[in-house]
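First up is the structure itself, then whatever we jot down about it.
What follows draws every value from the coordinates through simple rules; no lab data is involved. Worth saying up front: this structure is predicted, and the values here are computed from it rather than measured. Quick reminder, even Gly has a Cβ in these numbers, built from the backbone with ideal geometry, and neighbours come from all protein chains shown.
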Amino acid sequence: MKTPGNLLIVKDLVKTYNTGSVELQALNKVSLSIDKGEFLTIMGASGSGKSTFMNILGCLDSPTSGTYTMEGKDVLKCSKNELAELRNSKLGFVFQSFNILPRTSALENVELPLLYNSKVGSKERYDRAFAALKSVGLADRVDAMPNQLSGGQQQRVAIARALVNDPLVIMADEPTGNLDSRTSYEIMEIFQKLNDNGITIVMVTHEPDIAEFAKSNVVFKDGKIIANNLVKDRKIATEELKKIAQLTPENATV
């Protein structure tokens, strides 16, 4: 039985890259526990180690040394097939560039992760993809192609795709980086609702105002965590969107 508490635990993570005679330490003994139901942002300048850290959390890379457990399972001892299963069943990924297929409908894009599950038939695949799209407000755009969707709608498709396997954690890498303010807040509204429903969210962002929608912020510098703080006066996206709607067109910045 799954119990609340530490969901992801990393201890003393070190990641070193060797480029010729030069050794680059991307992570320097990073330790962090992420609880079930957390909404965490990871921040830091380019080269601070945040992307390397996210790649390790997402089972896309492995550290040079250290430990990583997910629900008590030793991730670093998993085979390639076991890691692929973890990525497909436990983790959902959302990227800045959306990463959706251009010649495939919204529904078909969301169905993609389910194609790797032989236990899911075509009807269940459709039903689950439709439900995921409905949860992000796109029930009426299931047949739309990506070029018929706005940037915000494309990101919603990407979020629906991340949700379709009912993940424990959503890993989001700069999910609002290509979006305007209003659309960014709409995406944060979706993330906050998902988080309220129990999904853990780990999000990389360089935007301080977006980080204020999370519950806590972790800041990287030179491969180390230099801050790990709860968000004071946390923004609620639904309320922020109401404020934008109340602005006159002359004063609105969206």
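Quick one: which residues, 5 or more positions from Val204 or on another chain, have an amide H under 5 Å from its amide H? H modelled 1.01 Å from N in the peptide plane, none for Pro or chain starts.
Ile42, Ala172, Asp173, Glu174
Under a Cβ-only charge scheme (Lys and Arg +1, Asp and Glu -1), can you give me the dipole magnitude of the chain about the Cα centre, in debye to the nearest 20?
On the way: 30 positive and 30 negative charges, 105 e Å.
The dipole of the chain has a size of about 500 debye.
Enumerate by residue number the trypsin sites (Lys or Arg not before Pro) in segment 99-147 meeting two conditions: DSSP loop (anything except H, G, I, E, B), and at most 16 other Cβ atoms within 10 Å of the site's Cβ.
Arg103, Lys119
Mind putting a number on the dipole of segment 9-65 about its Cα centre? Charges go on the C-beta only, +1 for Lys and Arg and -1 for Asp and Glu, and I need it in Debye to the nearest 20. Could you put the intermediate results ahead of the total?
Details: 5 positive and 5 negative charges, 7 e Å.
It comes to approximately 40 debye.
Using the Karplus curve 6.51 cos²θ - 1.76 cosθ + 1.60 with θ = phi - 60°, what ³J(HN,Hα) values do you get for each residue of segment 105-119, in whole Hz, with x for Gly and Pro?
5, 4, 5, 5, 4, 6, 5, 3, x, 6, 5, 8, 10, 5, 7
Given H placed on each backbone N at 1.01 Å, which residues far from Lys221 in sequence or on other chains put an amide H within less than 5 Å of it?
Amide H neighbours of Lys221: Ile226.
Over 30 Å between Cα atoms, which of Lys77/Lys134; Lys15/Lys235; Lys77/Lys235; Lys90/Lys134; Lys15/Lys193 qualify?
Exceeds cut-off: Lys77/Lys134; Lys15/Lys235; Lys77/Lys235; Lys15/Lys193.
Sequence-distant or interchain residues sharing an amide H contact under 5 Å with Leu7, placed H: which?
Hits under the 5 Å cutoff: Ile34, Asp35, Lys36.
Would you give the gap between the C-alpha center of segment 150-188 and the C-alpha center of segment 10-69, rounded to a whole Å?
Using only Cα atoms, the two centres lie 23 Å from each other.
For segment 1-140, what is one quarter of the convex hull surface built on the Cα atoms, given in nm²? Don't skip to the end; give the middle numbers.
Numbers: hull surface 45.8 nm².
Reported value for the Cα convex hull: 11.4 nm².
Go ahead and estimate [θ] at 222 nm for the chain from helices alone: -39,500 (n - 2.57) per DSSP H run with n ≥ 4, summed, over the residue count, rounded to 500. If you can, show how the numbers build up before the last one.
Values: 8 runs with 81 residues, N = 254.
When only DSSP H runs of four or more count, the value is -9500 deg cm²/dmol.
Based on the mean of other Cβ atoms within 10 Å per residue, sort peptides 51-58, 216-223 so the most packed one is first. The partial results should precede the final answer.
On the way: 51-58: 20.4, 216-223: 18.9.
The peptides rank, most packed first, as 51-58, 216-223.
Tell me the Rg and the Dmax, in Å, that the Cα atoms of the chain produce.
18.7, 59
Mind checking Rg over Rh on segment 1-82, alpha carbons, Kirkwood formula for Rh? Can you show the working numbers first?
Numbers: Rg = 13.7 Å, Rh = 13.7 Å.
Using only Cα positions, Rg/Rh for segment 1-82 is 1.00.
May I have the convex hull volume per residue, in Å³, for the Cα set of segment 100-166?
Details: hull volume 4.9 nm³, N = 67.
Residue-normalised Cα hull volume stands at 72 Å³.
Residue-wise, which Karplus ³J(HN,Hα) couplings in Hz belong to segment 141-151, taking 6.51 cos²θ - 1.76 cosθ + 1.60, θ = phi - 60°, and x for glycine or proline?
Whole-Hz 3J(HN,Hα) from phi for segment 141-151: 10, 4, 9, 5, 8, x, 6, 9, 10, 6, x.
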